[in-house]
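**Q** Below you'll find the structure I mean.
The values are calculated or read from the model by the stated rules, or taken from the named source; none is laboratory data. What you see is a predicted model; the values in this text were computed from it and never measured. Positions of Cβ are backbone-derived with ideal geometry, glycine not excepted, and every protein chain shown enters the neighbour counts.
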Amino acid sequence: MVFIEPKVRKMQEQRNVPGLIQVLLTAKDSSMRKSAAVVLGQMGDPKAVEPLVAALKDEWCDVRVAAANSLRQIGDTRAVEPLVAALKDEASSVRQAAAAALQKLGLPDDPSPQVWYAVAMKEWNRIASLGDVGIDLLIAALQSEAQWTLESLYLDAIQALGELSDTRAVQRLITALKAKDHRVREAAARALGKIGNERAVKPLIGALRDQHKVWETQFEEKEIWPVREAAAAALAKIGAPAVEPLVDALKKEKDWYVAIYIASALGQIADPRGVERLLTTLNDESEDVRAAAARALGKIGDARAIEPLIAVLKDKEATVRCAGAVALGMIGDARAVDPLIAALNDQDLYVRQFAAEALGKIGDARGLEPLFTALQDRVPVVRLAAVQALGNIGDAGAIGPLTATLQDEYAEVGKAAAEAIDKIRRTGDRYSQTWSNV
């Protein structure tokens, strides 16, 4: 429910339309102007239309939103043209309010209002239905970087071009990768990924070096690079055409942080052509790059990576050993079982955790006894991983050790043990039923 200033509410009760119009147009307090706009819409007096139209240009977007909403309530067609202009307001909330009003009052048939209405409402099919003219209007809107603002409709226009996946927009979006506003660069990268045209590969690789970063402090302080992440995701969506340029870039890259994003993109594409370079990267001097290469190899799943990833389990850095264990679990090759069993004794708790999880994914019975031992690990998260791994392996011989774990001092471990026992029994029942039907 919208708060209405008491003075404005009193004027409403008195049906003082002229007074409310004066407040709307002259009050210094934006809350007073917003309240007046809201109340004038509720009263529905046609004399308020022109003042509300004027309020569509108020300096405060909340006032402009209230004006658009009230014009929708009044329903006077004199507001159509001003509302069409408001479809290009810099605030998305105003654009959406104007679009909602035009939905009621009637949207002109001309292509331009149709396009900007669709952008505001994110109705991409409406733009597509206009044919070439819709795409052309969006591309034309991106010609002047001077018009781009942080909360601009041009960001929505970039999103629209990505959703519509028209290759005619590629060159303009490539140019936008160098815009001053980092949000424009990020939006352009995401749009290029959706379009998926290989002309964007090299510019997107260049965007992996973007310098904009933010600090994430929710759980621990760490750097986030939004444009780089968007570019890596875009390259992954483009897929095969990006592999060889990414391999070449990884070979030459000196910046360890950029190398991480390149390796990540190769992993997401999961093309075997990236394997050899990633194997070489397992020897990079940066532990973070080595870990990224290991994770990427796990996603690709190529058997050539098994022995090198087994060697990674002995890396001097725990972060890399963790990545190696995760990767081996993803690939699921039985050659990794004994090395992963050895990793259950690693001094780092997270390596032990990921080794247990990997053994559960591989599902080899050789992992049972070592996982029984891991049920006694001093760290709850390792015990939890062992419990879940035994549930995944599904051997009935695990029921006894899991039953003993039901009373674990950490309730989450006990709960997981109960679920694992139930899972093993249900799996056994299915196997029994299958054989009985043979």
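**Q** Which pairs have Cβ atoms under 7 Å, sit 6 or more apart or on different chains, and link a residue in segment 300-329 that is of a type in the set (Asp, Glu) to one that is surrounded by fewer than 20 Cβ atoms within 10 Å (Cβ to Cβ)?
**A** Sorted first by the residue in segment 300-329, then by its partner, the pairs are Asp302/Pro272; Glu317/Glu287.
**Q** Okay, next question. I need the full set of residues from segment 28-47 which are in contact with a Ser or Thr (Cβ under 7 Å, 6 or more places away or on another chain) and hydrophobic (A, V, I, L, M, F, W, C), in order please.
**A** Passing the criteria: Ala37, Val38, Leu40.
**Q** Considering only segment 53-68, I want to know if a residue exists there that is free of Cβ contacts under 8 Å to residues at least 60 places away in the same chain, loosely packed, with under 14 Cβ neighbours inside 10 Å, under 26 Å from Leu105 (Cα atoms) and under 38 Å from the mean Cα position of the chain (by Cα).
**A** Among the residues of segment 53-68, at least one is free of Cβ contacts under 8 Å to residues at least 60 places away in the same chain, loosely packed, with under 14 Cβ neighbours inside 10 Å, under 26 Å from Leu105 (Cα atoms) and under 38 Å from the mean Cα position of the chain (by Cα), which makes the answer yes.
**Q** Kindly indicate which of Val133, Val119 is crowded, with 21+ Cβ neighbours inside 10 Å and more than 30 Å from Glu223 (Cα to Cα).
**A** Val119
**Q** Residue check, Val326 against (1) in a loop (DSSP other than H, G, I, E, B); (2) assigned by TED's automatic domain parsing to the domain that holds Ala263, all met but one. Which one?
**A** (1)
**Q** Then there's this: Return a yes/no flag: does segment 288-301 have any residue that is more than 25 Å from the chain's Cα centre (by Cα) and either buried (at least 18 other Cβ atoms within 10 Å of the Cβ) or under 19 Å from Asp271 (Cα atoms) (or both).
**A** Within segment 288-301 (the criterion being more than 25 Å from the chain's Cα centre (by Cα) and either buried (at least 18 other Cβ atoms within 10 Å of the Cβ) or under 19 Å from Asp271 (Cα atoms) (or both)), the answer is no, since none of the residues qualifies.
**Q** Still on this structure: Please verify whether Glu221 is acidic (Asp, Glu), more than 15 Å from Ala176 (Cα to Cα) and modelled with pLDDT of 95 or more, treating the condition exactly as stated.
**A** Considered against the rule, which asks whether it is acidic (Asp, Glu), more than 15 Å from Ala176 (Cα to Cα) and modelled with pLDDT of 95 or more, Glu221 comes out as no.
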